[in-house]
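Just so it is clear, none of the values below were taken in a lab; they were calculated from the coordinates. Bear in mind that the values here come from a model prediction, so they are computed numbers and not experimental data. Reconstructed Cβ throughout: ideal geometry from the backbone, glycine too, with neighbour counts over all protein chains shown.
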Amino acid sequence: MSKLKILLADDHAVVRDGLRVLINAEPDMEVIGEAKDGRMAIQKIIELRPDVAIIDISMPELNGIQATERIKRECPEVKVLALTVHQEKGYLDQLLRIGASGYILKLAAADELIQAIRSVAEGKTYVDREMASRITTDYLRKHSASGAPNAKELTDREEQVLRLVAHGHSNKEIANQLNISVKTVETHKANFMEKLEFKSRTEVVRYAVQRGWLRDA
């Protein structure tokens with residue numbers, strides 16, 4: 001069985017050491033490279049082409065957000081999982097907008113990190129449980145029942161498509177999975193974006209988090 005190839009980018013050697021031991025203990029994963037700053041991360045990723053790059057947000061040279069933007073432009077097939085101490089939703093929104101596949105806190109349990117790696121490697125979007133809970137709580141606090149987007153406004157098929165979009169699947173992948181045409185996927189997508197007044201995929205992911213659809217993805 002081929003192993004998932006993982007690259008670690010963090011400016012603290014002790015963090016990289018701990019992550020390497022944790023990941024290499026999994027039979028289906030292997031750390032193939034490490035970087036101590038954003039520029040080195042980009043160089044290593046272009047050279048090694050890992051399946052998943054675990055990127056710290058706060059790094060010298062280029063920070064994790066800048067590095068992720070470059071990585072997704074140079075190597076769009078590489079899945080980026082942000083690993084950070086930052087619990088502000090602004091960082092999450094930025095990273096999802098530029099193409100990151102996951103966001104997990106350094107305070108997370110080891111088993112959640114492993115789950116997050118597997119999820120993003122499969123093409124899904126993963127949001128840290130603590131962050132997901134916080135987003136949901138804030139959402140409920142800020143919206144009354146009458147003012148909040150209601151999942152019942154969507155048809156079953158629109159909800160199916162929305163879930164798959166939130167998980168990071170392309171229109172073609174969704175079409176194949178649901179046995180419908182790409183044009184039909186685009187129609188369902190346009191319908192739920194209009195009904196829920198969404199302007200970006202970040203809003204789709206946040207909505208999915210609020211519904212609990214990504215928490216155990």
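Relative to the longest principal axis of the Cα atoms of the chain, the long axis of helix 182-195 lies at roughly 70 degrees. Based on Cα contacts under 8 Å between residues 6+ apart, segment 4-127 shows a relative contact order of 22 percent. Let's test the formula: R0 of 22 Å, r as the Cβ-Cβ distance of Asp17 and Glu122. What FRET efficiency results, to the nearest 0.05? So the FRET efficiency works out to roughly 0.25.
For the chain, the longest principal axis of the alpha carbon atoms and the long axis of helix 64-74 meet at an angle near 80°.
Residues Thr125, Thr68, Thr155, Thr84, arranged from fewest to most other Cβ atoms within 10 angstrom of their Cβ, appear as Thr155, Thr84, Thr125, Thr68.
Within the straight-line cut-off of under 22 Å between alpha carbons, the lysines reachable from Lys89 are Lys72, Lys79, Lys106, Lys124, Lys142, Lys199, sequence neighbours fewer than 8 places apart in one chain being disregarded. In the chain, the alpha-carbon atoms span a convex hull of 120 Å³ per residue. Is segment 21-118 rounded, prolate or oblate when judged by the Cα gyration tensor, a ≥ b ≥ c being the square roots of its eigenvalues, rounded requiring a/c under 1.5 and prolate requiring a/b larger than b/c? Oblate, since a/c reaches 1.5 and b/c is not below a/b.
Figure legend: label point modelled 7 angstrom from the Cα of Glu130 along Cα→Cβ; residues of segment 93-110 with amide N under 12 Å from it are 104-110.
If you add up the charges near His188, with Lys and Arg at +1 and Asp and Glu at -1, over every other residue whose beta carbon is less than 12 angstrom from its beta carbon, what do you get? Write out the running numbers ahead of the final one.
Numbers: positive: Arg157, Arg163, Lys183, Lys189, Lys195; negative: Asp156, Glu158, Glu159, Glu186, Glu194.
Its environment carries a net charge of 0.
Expressed as an acute angle from 0 to 90° and rounded to the nearest 10, what is the orientation of the C-alpha long axis of helix 13-24 relative to the principal long axis of the chain? Here the helix axis deviates by roughly 70 degrees.
Taking 0.36 nm per residue of separation and subtracting the Cα-Cα distance, full extension of the segment from Glu77 to Gln43 would add 10.7 nm. Tell me what the chain gives for mean residue ellipticity at 222 nm when only DSSP H runs of n ≥ 4 count, each as -39,500 (n - 2.57), the sum divided by the residue total, rounded to 500 deg cm²/dmol. Dividing the helical sum by the residues of the chain leaves -15500 deg cm²/dmol.
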